[in-house]
Amino acid sequence: MRRYLEPYNIAAPVDYLIPILQHGCGIDIARDVNTAVAAQQFSNDIIAPMASEGKTSNMEWIQAARDIFTEVVKVFQKQTPEEWRFIDVLEACIDESNLRRVLSLSRTGRSRLNGVLGNSKQARVFCSTCKQRRESSGPLASAMLHTRNISLREWAFGPESVAVLQHHEEYSDALRGFERWIFGRAVKLAIAAGTPRTRRPRSSWTRFATDRLRII
């Protein structure tokens, strides 16, 4: 896969945000998904990403699954702040016993166990949904165990650098949702970096260039 910016003489570091490819890097999910709001947005993009494209009618169940996934992320945020990994959350959700053990660690999680997951059949359906996500996102999550992973927050507020959200059609199932989350997160951080309290010099403002954008 060609590195798009290789022919240009760019002084700033260039990161290709596609951990599945050898030249790519990943995202340090735990450092960027470090609040309850960020956990909910991450879940919305990762669980049933096709729903965000209006390609499903079962939104009530999908939202319930996203809420459960969010609570699992929040437990990891509290138990191992900024040290958990994407694959840890996926593995916690695909096995019912693991899921119940993790959710029992929070008050809201215990409420989920007594509510939507109180029925064993519903718990199995949720785990089945997560297994499907594990099968598609597994290569991506596994790749980030071995790649150099960057923080989008540090990219937005740190020294000048270039991030390329590179798509590869062969891995579209794995990247679906992940690409949307990265782009949305990057835009929000760029806006935050330009607010009066945090505004940076005009020369260091964030700029976006898009080519065949399909993720929003």
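Evaluate segment 68-87: report whether one residue or more is part of a helix (DSSP H, G or I), surrounded by 20 or more Cβ atoms within 10 Å (Cβ to Cβ) and either over 19 Å from the mean Cα position of the chain (by Cα) or in contact (Cβ under 8 Å) with a residue 60 or more places away in the chain (or both). Yes, because at least one residue in segment 68-87 is part of a helix (DSSP H, G or I), surrounded by 20 or more Cβ atoms within 10 Å (Cβ to Cβ) and either over 19 Å from the mean Cα position of the chain (by Cα) or in contact (Cβ under 8 Å) with a residue 60 or more places away in the chain (or both). Scanning segment 92-108 for residues that are closer than 16 Å to Ser43 by Cβ, in contact (Cβ under 8 Å) with a residue 24 or more places away in the chain and either in a helix (DSSP H, G or I) or among the aromatic types (Phe, Trp, Tyr) (or both) yields Cys93, Ile94, Leu99, Val102, Leu103, Thr108.
Condition (residue is closer than 19 Å to Glu179 by Cα, assigned to a loop (DSSP other than H, G, I, E, B) and touching a residue at least 24 places away in the same chain (Cβ under 8 Å)) applied to segment 40-63: is it met by at least one residue? Within segment 40-63, one or more residues are closer than 19 Å to Glu179 by Cα, assigned to a loop (DSSP other than H, G, I, E, B) and touching a residue at least 24 places away in the same chain (Cβ under 8 Å). Among the residues making up segment 150-159, those that are buried (at least 21 other Cβ atoms within 10 Å of the Cβ) and closer than 23 Å to Ile20 by Cβ are Leu152, Trp155. In segment 34-49 there is at least one residue that is closer than 29 Å to Lys121 by Cβ, modelled with pLDDT under 85 and among the hydrophobic types (A, V, I, L, M, F, W, C). Within segment 109-119, being touching a residue at least 24 places away in the same chain (Cβ under 8 Å) and surrounded by fewer than 18 Cβ atoms within 10 Å (Cβ to Cβ) holds for one residue alone: Val116. On the given criteria, is Leu17 more than 18 Å from Gln132 (Cα to Cα), modelled with pLDDT under 95 and touching a strand residue (DSSP E or B) at 6+ places or on another chain (Cβ under 8 Å)? In short, yes. On inspection, Ser111 passes the criterion of being assigned to a helix (DSSP H, G or I) and under 17 Å from Val73 (Cβ atoms).
Put simply, of Ser120, Ser104, Ser142 the only residue that is over 22 Å from the mean Cα position of the chain (by Cα) and modelled with pLDDT of 85 or more is Ser104. Filtering segment 131-149 to residues that are surrounded by fewer than 20 Cβ atoms within 10 Å (Cβ to Cβ) and of a type in the set (D, E, K, R) leaves Lys131, Arg134, Glu135, Arg148.
The values are calculated or read from the model by the stated rules, or taken from the named source; none is laboratory data. Note that the structure is predicted; figures quoted are calculated from it, not measured. Because the Cβ atoms are built from the backbone with ideal geometry, glycine has one as well, and the counts that use them run over all protein chains shown.
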